[in-house]
Amino acid sequence: MEHTSNEKLLDIRDLSVEYHSNGKIVKAVSNLNLSLKKGETLGFVGETGAGKTTTALSILRILPELPSRITSGEIWFNGENLLLKSKKEMQQIRGKEISMIFQDPMTSLDPVATVGKQIEEMIGLHEKLPKKELREKAAQMLEQVGIKRERIDDYPHQFSGGMKQRVVIAMALSCNPNLLIADEPTTALNVTIQAQVLELMKNLKRQYQMSMIMITHDLGIVAEICDSVAIMYAGNIVEYGTVERVYENFCHPYTEALFDSIPSLDEDQEELKVIAGLTPDPTNLPSGCPFHPRCPYAGPECAQQAPEVRETEPGHIVRCHKDLKGGSGNE
Amino acid sequence: MSEYLLEVKNLKKYFKTKNGPLCAVDDISFGIRKGETLGVVGESGCGKSTAGRAILRLHEPTAGQILFNGQDIVKYSPKKMKEMRRKMQIVFQDPYSSLNPRLSVQALIAESLRVNNIGKSDKEREEQVKQVMDVVGLEERLINSYPHELDGGRRQRIGIARALILNPEFIVMDEPVSALDVCIQAQILNLLGRLQDQFNLTYMFISHNLSVVKHISDRIAVMHLGKIVEIADSAEIFNNPRHPYTQALLSSIPIPKVNLKRERIILEGDVPSPVNPPAGCRFAGRCRHAMPVCKEVCPELKQCGNSQVACHLYPAEENSVR
Ligand SMILES: Nc1ncnc2c1ncn2[C@@H]1O[C@H](COP(=O)(O)OP(=O)(O)OP(=O)(O)O)[C@@H](O)[C@H]1O
Ligand SMILES: Nc1ncnc2c1ncn2[C@@H]1O[C@H](COP(=O)(O)OP(=O)(O)OP(=O)(O)O)[C@@H](O)[C@H]1O
Ligand code: SF4
Ligand code: SF4
Ligand SMILES: [Mg+2]
Ligand SMILES: [Mg+2]
């Protein structure tokens, strides 16, 4: 946290995104507001289908063109609204200013090109360098992520899963981006390799003074690497604050449910506290607060009226009609 | 008879590859008591699923004995094994791909019965299907739905119902909650716990998620590259891990708490190939305690305090392993 400034790097205002599929409209993101300071790492958490990837793809403007539509909002990055940029301008921004790492490293790697060539290509997109220097820089990037430079002429299939993901990280970092978006970068990895990759990301983040959005299901990973956290449910952020504040004083019933669902390593629990019900149908979201059919605290107002956000203390934001503070904080 | 419902002795499963045999499971021995859950953890490719499948003879074991209720089922004829399999079931990880998309919930669950020639009529089978749907918490109205219309949690309940309808004694759970969101995962874990109590089931629970395994298991076996490197009571593994690999695994779990201070063991080095694995300890290349002997001699599983550990750091004790 010592590296965060107060300057906003990214400011998403009132973003709404829809997908059209089989004649139905999926409201993937609804009126989302979120900002990120320079040097900050934000954890973006929520269950499958909550809209995390959609938000990330919107920032980079790489949503699938046919079924998707941004229906409202602005995405300010370094003082400019990305949604008003031309395709060509966005191409410049991607990679150079904002990079993204996907869950499956193979989506970003070309199986028939050597890793060296692929890193060189990324560097070459934004920096005109003589061939030899390009190769030297690619070798340095590999070393940065803990892969020996001798392996520069190897192909992706010659690397293990963790190493492939490290190559992808090297590619993402090779242009020294201001913002790195990592979409579940370690989900496909073993815990031991995950620990390696997280350690690497922590160090690189410090070294490059980069801002980062870490999309994950894992509240443990957020605790490890993030400064702030946004909890997403059915297309919107229901709770946001510093990791410290949210983990010790969460106020939203869904956040509480998330924490209750994780089996504890310190205590023996006969049964886990579970929340009934399922993720809502995104083509037909419940009225009022979309969490109300599953919420143990729901009252009559919850089905009728969508709750507004409120601040429980400066910087800690909750979207809920009830005030659970006092009643249900984390022990 | 032994105290175990299932006893596995020196089980090996090698796959043929063009570079030589791949030692997916290489001489493992353990027992599971009736009503107990044995958790099996380890990195991807260490042989967890292969072990689970070899025990049900879905893969034919290369060598070893599998005693179920004292009988070596490796020797059973295919016909006898088929009958046996009613008592020994498996639930798979991926509730998306393990169910035939063209069958309805009713047909999927009844399929188990039909394959095993159970139930006199369709009517009788339908009654049984409804009963088991109730037991696993599937709403009766879903009986004519198709898997793609259901969420992951409900699909996994179908998988559990298919196993349960045959009244098994033993179920291999191969990553049954790994594909699910934490909230749904918690629902399924609770269900599995209740079913175990209700029907006195014995589980072999395979997972790479250590907090899930700790929650559900009485004992835990840690696998590394085809071998069991440590096996002990769940609490013992977590409070007093002895094998350096177990220690590294535990220190790698991200814990959802702030301001936690703990030492993390970051493993360096490559995992060796299961084809022609190294002669000594297979963890030696990544172990920070490795000694010269480790590269030469493969450590045997030995009793050490309340655990069995395969590591040269621990000298043999009097009461060695079965
Ligand atoms: N190309 C698409 N066409 C139609 N619907 C889509 C498309 N991509 C995503 N959706 C829908 O939009 C919603 C949000 O999806 P998104 O991928 O953003 O969720 P997510 O939070 O990233 O989930 P996960 O944790 O599973 O990755 C979901 O209901 C999803 O089914
Ligand atoms: N049918 C097969 N033919 C050849 N090799 C196989 C076969 N099935 C598994 N293997 C190999 O056996 C080893 C053990 O695989 P297994 O699937 O048992 O691992 P696992 O521990 O279940 O891993 P995961 O956590 O990824 O499911 C791996 O090296 C794998 O590639
Ligand atoms: S607004 Fe109502 S239903 Fe929604 S989370 Fe708060 S209490 Fe629950
Ligand atoms: S036998 Fe040697 S190399 Fe293997 S785990 Fe023990 S100390 Fe490490
Ligand atoms: Mg996603
Ligand atoms: Mg497996």
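The values are calculated or read from the model by the stated rules, or taken from the named source; none is laboratory data. Note that the structure is predicted; figures quoted are calculated from it, not measured. So basically every Cβ, Gly included, is an ideal-geometry build from the backbone, and we count neighbours across all protein chains shown. What goes into the accessible areas is simple: the full protein's heavy atoms, side chains included, and nothing from ligands, DNA or RNA. Shrake-Rupley method; radii C 1.70, N 1.55, O 1.52, S 1.80 Å.
Find the helices (runs of 4 or more DSSP H) located wholly in region A:193-312 whose residues include 1 or more that are open to solvent by less than 40 Å² (accessible area, probe 1.4 Å), among the small types (G, A, S) and assigned by TED's automatic domain parsing to the domain that holds A:S30, and list them.
Qualifying helices (runs of 4 or more DSSP H): A:219-225, A:253-261, A:300-304.
Every residue in region B:56-73 that is assigned to a strand (DSSP E or B), in contact (Cβ under 8 Å) with a residue 40 or more places away in the chain and of a type in the set (S, T, N, Q), please.
Once the filter is applied, which keeps residues that are assigned to a strand (DSSP E or B), in contact (Cβ under 8 Å) with a residue 40 or more places away in the chain and of a type in the set (S, T, N, Q), region B:56-73 yields only B:Q65.
Of the residues that sit in region A:316-331 and are modelled with pLDDT of 95 or more and part of a loop (DSSP other than H, G, I, E, B), which one is farthest from A:S35 (Cα to Cα)? Walk me through it before giving the result.
Taking region A:316-331 as the starting set, the residues that turn out to be modelled with pLDDT of 95 or more are A:316-321.
The next check asks that each one be part of a loop (DSSP other than H, G, I, E, B); those that pass are A:320-321.
Numbers: A:C320: 20, A:H321: 23 Å.
Among them, the one singled out is A:H321.
Hey, A:A223 hits all of (1) in contact with a Phe, Trp or Tyr (Cβ under 8 Å, 6 or more places away or on another chain); (2) of a type outside the set (S, T, N, Q); (3) over 13 Å from A:V45 (Cβ atoms) but one; which does it fall short on?
For A:A223, the exception is condition (3).
Select the strands (runs of 3 or more DSSP E) contained entirely in region B:206-314, then report the ones holding at least 3 residues which are of a type in the set (D, E) and open to solvent by 40 Å² or more (accessible area, probe 1.4 Å).
Output list is empty.
Quick test for you: out of A:K38, A:K85, pick the one residue that is within 26 Å of A:I221 (Cβ to Cβ) and of a type in the set (K, R).
Values: A:K85 fails: within 26 Å of A:I221 (Cβ to Cβ).
Being within 26 Å of A:I221 (Cβ to Cβ) and of a type in the set (K, R) holds for just one of A:K38, A:K85, which is A:K38.
Restricting attention to region B:195-234, which residues are basic (K, R) and more than 12 Å from chain A (Cβ to nearest Cβ)?
Result: B:R219, B:K227.
Which one of these is in the same structural domain as B:E300 (by TED's automatic domain parsing), open to solvent by 40 Å² or more (accessible area, probe 1.4 Å) and of a type in the set (V, I, T): B:T62, B:T37?
Just one listed residue meets the conditions, B:T62.
Among (1) of a type in the set (A, V, I, L, M, F, W, C); (2) within 27 Å of the chain's Cα centre (by Cα); (3) over 20 Å from A:L204 (Cα atoms), which single condition is A:V112 missing?
Among (1) of a type in the set (A, V, I, L, M, F, W, C); (2) within 27 Å of the chain's Cα centre (by Cα); (3) over 20 Å from A:L204 (Cα atoms), A:V112 violates only (2).
Which members of region A:231-288 meet the condition of being touching a strand residue (DSSP E or B) at 6+ places or on another chain (Cβ under 6 Å), of a type in the set (S, T, N, Q) and more than 12 Å from every other protein chain (Cβ to nearest Cβ)?
Once the filter is applied, which keeps residues that are touching a strand residue (DSSP E or B) at 6+ places or on another chain (Cβ under 6 Å), of a type in the set (S, T, N, Q) and more than 12 Å from every other protein chain (Cβ to nearest Cβ), region A:231-288 yields A:N236, A:T283.
Residue check, B:L192 against (1) within 14 Å of chain A (Cβ to nearest Cβ); (2) open to solvent by 10 Å² or more (accessible area, probe 1.4 Å), all met but one. Which one?
(2)
Looking only at region B:15-54, count every residue that is over 21 Å from B:I73 (Cβ atoms), of a type in the set (D, E, K, R) and more than 16 Å from ligand 6 (Cβ to nearest atom) and tell me the total.
Qualifying residue count, region B:15-54: 2.
Which condition does B:N19 not pass, out of (1) touching a helix residue (DSSP H, G or I) at 6+ places or on another chain (Cβ under 6 Å); (2) over 17 Å from B:I55 (Cα atoms), if it passes all the others?
(1) is the only condition that B:N19 fails.
Just to be sure, is B:R53 open to solvent by 60 Å² or more (accessible area, probe 1.4 Å) and either within 16 Å of ligand 1 (Cβ to nearest atom) or modelled with pLDDT of 95 or more (or both)?
yes
Within the group B:G35, B:G42, B:G31, which residue is within 14 Å of chain A (Cβ to nearest Cβ) and either acidic (D, E) or more than 16 Å from ligand 5 (Cβ to nearest atom) (or both)?
When all the criteria are applied, what remains is B:G42.
If you go through region B:157-170 one residue at a time, do you hit one that is farther than 22 Å from B:R194 by Cβ and either within 14 Å of chain A (Cβ to nearest Cβ) or of a type in the set (V, I, T) (or both)?
Residues of region B:157-170 farther than 22 Å from B:R194 by Cβ: none.
Checked region B:157-170: no residue is farther than 22 Å from B:R194 by Cβ and either within 14 Å of chain A (Cβ to nearest Cβ) or of a type in the set (V, I, T) (or both).
Would it be correct to say that A:L42 is closer than 15 Å to A:D183 by Cα and either within 14 Å of chain B (Cβ to nearest Cβ) or near ligand 1 (Cβ under 10 Å from one of its atoms) (or both)?
No.
Can you tell me which residue is farthest from B:H224 (Cα to Cα) among those in region A:187-212 that are without any contact (Cβ under 8 Å) to a residue 40 or more places away in the chain and more than 9 Å from chain B (Cβ to nearest Cβ)?
So, considering only residues that are without any contact (Cβ under 8 Å) to a residue 40 or more places away in the chain and more than 9 Å from chain B (Cβ to nearest Cβ), the one farthest from B:H224 (Cα to Cα) is A:Y208.
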